Structures are given as structure tokens and as C-alpha cells.
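Here's the structure we're looking at; comments come further down.
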Amino acid sequence: MTEKIDRSEQRLRELGYKQELKRELTSFTNFSVSFSIVSILTGLTSLYGTALNSGGPAVIIWGWVFVSIMSMCVAASMAEICSSYPTSGGLYYWSSKLAGEHGPFYAWITGWWNLLGQFGCTAGIDFGLALLLSSVISLKTGWVYERWHVVLIYFAILIVHGLINTFLVRYIAVMNTASVWVHIGGVVIILVAILVKTENKASASFVFTHFINNTGWSSTVYVVLLGLLQSQFTMTGYDASAHMTEETMNADVAGPVGIMMAVGVSFVAGLGYLLALTFGIQDLDRVLNAESGNPIVQIFLDSVGDTGALLLLIILLLAQFFCGSASVTANSRMIYAFSRDGAMPGSKYFHQIHPTLKSPVWGVWLSCFVSALLGLLYLINAAAFSAITSIATIGLYISYGLPTFCRITYSRNTFEDGPISLGRFSLPIGIISCVWITIITVLFVLPGASPVTAQNMNYTVVIVAAAAIFIFGNWYFNARHWFKGPVANIDIEEQQHVPGDKFEIEEKVAVGKEEIQ
């Protein structure tokens, strides 16, 4: 008798993969992973000072609204594709299936850009946590920290997150659920505390219209665009819902809904948080030149005093800690899926699931190791944190845009919808998404301050250029001869096709077979 299997597991078999990860996440916990990685209390906190100097309150508030709209377009395009192809490979798998004969090429570049972006995202989150923790310690003890102190704290945080994702996999869903309530409850607490306790709140005119330019650039438009980095870096990571679909029940609905909910809920909560912070500015010069080096710490101190500020900062620290852990989770799943298809050096190690821990242990620690290497940039250049966040934004959004581009070009007339569909809006939303991603890819490699010096240089362009040379060079000279895109890890007869199944699975190629075994 044929063993009865879950609908989501059956869909995974149709796509050519065994059920190796434990499928126990609900729709809410799938959403909570993405929401935790978007983490408005992480991204908006870490780059608040950057946006305050590059446009001020007007850009912080209206930039968040505009970027959220653009991000929802990107998320909706991704969600439609996720509903049809719910696998951990996510974006690169989608590109492969949507690009027709060019599938292997698009799968390769999508996967590598996504991987680079995820490494940058994990690094940006945990490095932001290290900077905030250093500021909090300094606030309470008077400790004057150096760059190398921050890097050591950063390494320690990465190790803790690696250990959680290695040994406490069964509790990750609980942590992500807790993270949702820390973020939502934290925003409410911060909003109420600042609005109630701040004696001289900023005016509505200041919050919604005041413009600040401390970049050295004379072009108002350019400065406004630079200020969008805060919002756009925050609105990253919602692809995690796709990477977690092989662990999610009812994945072809829960995954896409998780993607869109992560953006929608983050927009509402983030707007409340930004309004609270900006109305809480009482002395702009003191905030811009905060002794702690963190403008949000100064806003809290001015609004609620030392004890209140410490309590609010603990909320931010908790939110960022949960966010970093969730990022390592999603990053390791992408490494697992990409390696399963033989696309990474050492694939035979990185695609393994530990039989007892039920975790892609090699992938977890590769994520932590590469993120640690990115953090070393801070020892060279104090502006490295902005570069790391730009790398995350660019890498992730290129990988978000490529499947959508393939969907509206190569598969415009052949794409078959899953349960979630945009219908006639698919093409215009897809075009808007691709145009916006092109703009920010160029924008965030440009210098953020003038005159440009070795100390304030945006080294993102160097890292992105090196990554592009590696990705495209490796394809041309090496991978195009053997990489065939996603490779089934079950035999054709094991797939248990349902009658009329619209998907056909490629047979294993020799190289992929060797990697998987």
C-alpha cells in the first residue's frame, strides 16, 4: 500500500525533492521568521542616524512609506511565484524553472546573489546588535570602546546564534513567535513611553517636513535617495518565508502569505516606531552628536531618563538578537538547498542534515564564518557598517528581481499559477519591481559623503564588483559546462505524480548526483 503523505510533501516530491527537513511550521511561524528578519527594531534603529543626516525627518518618515510600497510590489511578485514553487531553494529554483533554456544561467546568478545578500544581511543584523550593545554598556559604565571591542562582541554574538541553530532547532519556532510579540509589543511600549514622557515633543512640521543635509552633497534629490538606505535595508529578508517552505505545512499558501504579511505588518509597526522616535527629538544637535555615538540612545535618554532608556534599549537588544538568529536560520537553509543542487564548493558537506539535530550544521557555521569575515571590514574603515548593509540590500534585491524578470519575460505566457495569484496585475507589478530594484542597485554603491576620502568611501562598490566578477566569471569559465540548475534528489518513480501534474522533473545529471550522494 502506498504511504499517504501530506499535500505539501507531495508537492515537494513533484518538484523533485525528498522531505528531509521536519515539516512542522504553521502559517504564523512561517510569517514570524520573515517578520523577525525584516525586524523594524533592527534596521530602522541601526541606520536611523544615517537617515537623519541624509534627509532628516522628512526622508525618514516619507521614505519609509515610499520604500514600503515598492517593497510590497517586490514581495507580491515573489509571493505569486512562491505559491507555484514552494521549495527551500526559493529564488534560484524559481529562476531556473521560469527562464526556459536559460534556466541554469539564471539559477546560478540568482543563487549566488541571494547567498551574498544573506551573508550581508546576517552580518548587518549582528553587527548592528554589537554596536548597540557597546553603546548600552558604555552608557551604564562609561566604557570607551574601540573598533576591535565591537568586532569581538560581534564574533561572540555570531557564535551564540550558531549554537542556537545547531542545538536548539526545536525551539526556533518558539523564538520566532516570541520575536513577533517583542517587536509589536516593543513598538507599542516605545510609542507610548516617548509620547507620554517627552516634555517638549517635536512639532508635526518638524517630523513630516524638516530636511537635513549633512552629507556634503549639494543635490537634494541625491541626498533624499541616499536617505532611503535605512528603509530599504530594513525591508529585506522576507524571502525567508520561501526558504522555510519545506518546513511549513500548507506551504503553497503559507509561504506567499508569509512574504506579504512580513512587509505589510512591518510597514505599520515601523511607521509607529519612526513617528515615536522622531517626535521624541527635543534637541536636534544633541541627538546628531550623541556622546554614545547612537542617536536613538540619546532620544531615549532625553525622553524617559536613564532607567527608562535602559529598559527601552533592552527591548531593542532582544529584538535584534531574535532577528540575528532568524537570519542565520534562513541563511543556512539557502546554503543547504543550493548545495543540494551541487552549486557550491563543498556541496557534499553543506547539503547534509544532521541525523540527530535535524539541522544543516555545516550551513549554519558557514553562514557565521562568512559573516564574521565581513565584520572584519570595520577594523579597516568605520564606514564599513553602511557598506555591509548596502551589500545585503543589493545582493538580496538582485536575487528578488531576477525570478520576477524571468516571470514577466520568458514565462509571461506559460507560467501556471499556484493558489496565490496576482492575475492581470502580475505584469505591471513585476515591471515596477524590476525598475525599482535596478535603481537601488545603482544607488547604494554610490558614495554617501562628499568629499570622498579613504575614510568615508563606500566600499560596497568594491565588494559588489568582486562578487560580480566571481559569479559571472565562474559561470563562463566553469559552471556553464556542468551546472544544469536544480537537480532532483529522488528517482522519477519515487515522485508519485498526481494525475495531470503539470510539472516534469529533469533527470539527475552526473555531477549533481555525485554531489548529493
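The values are calculated or read from the model by the stated rules, or taken from the named source; none is laboratory data. What you see is a predicted model, and the numbers here were worked out from it, not measured in a lab. Note: ideal-geometry Cβ built from the backbone for every residue, glycine included; neighbour counts use all protein chains shown. Ligands, DNA and RNA are stripped out before the accessible areas are found, and what is left, the full protein with its side chains, is counted by its heavy atoms. Shrake-Rupley method; radii C 1.70, N 1.55, O 1.52, S 1.80 Å.
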Residue 238 passes all but one of the listed conditions (1) of a type in the set (Ser, Thr, Tyr); (2) in a helix (DSSP H, G or I); (3) under 25 Å from the mean Cα position of the chain (by Cα); the exception is number (2)
Among helices (runs of 4 or more DSSP H) completely within region 371-460, the ones holding 3 or more residues that are of a type in the set (S, T, N, Q), under 23 Å from the mean Cα position of the chain (by Cα) and under 26 Å from residue 105 (Cα atoms) are 384-408, 426-443
Has region 125-145 got at least one residue that is touching a His at 6+ places or on another chain (Cβ under 8 Å), at pLDDT 90 or above and buried (at least 21 other Cβ atoms within 10 Å of the Cβ)?
yes
Note to self: Please determine whether any residue of region 170-183 is open to solvent by less than 10 Å² (accessible area, probe 1.4 Å), within 28 Å of residue 268 (Cα to Cα), of a type in the set (A, V, I, L, M) and part of a helix (DSSP H, G or I).
What the structure shows: yes
Restricted to region 314-330 and to residues being over 12 Å from residue 34 (Cα atoms) and not β-branched (Val, Ile, Thr), the residue most open to solvent (accessible area, probe 1.4 Å) is 318
Being among the aliphatic types (A, V, I, L, M), under 30 Å from residue 407 (Cβ atoms) and at pLDDT 85 or above narrows 107, 178, 193, 156 down to just 107
Exercise for review: Within region 489-509, identify whether any single residue is surrounded by fewer than 19 Cβ atoms within 10 Å (Cβ to Cβ), at pLDDT 85 or above and more than 30 Å from residue 123 (Cβ to Cβ), and answer yes or no.
Suggested key: no
Only one of 202, 276, 254 is touching a strand residue (DSSP E or B) at 6+ places or on another chain (Cβ under 7 Å), open to solvent by less than 20 Å² (accessible area, probe 1.4 Å) and farther than 16 Å from residue 71 by Cα, namely 254
I'd like to check something: does region 26-46 contain any residue that is in a loop (DSSP other than H, G, I, E, B) and modelled with pLDDT under 85? yes
Only one of (1) under 28 Å from the mean Cα position of the chain (by Cα); (2) without any contact (Cβ under 8 Å) to a residue 12 or more places away in the chain; (3) closer than 26 Å to residue 263 by Cβ does not apply to residue 168, and that is (3)
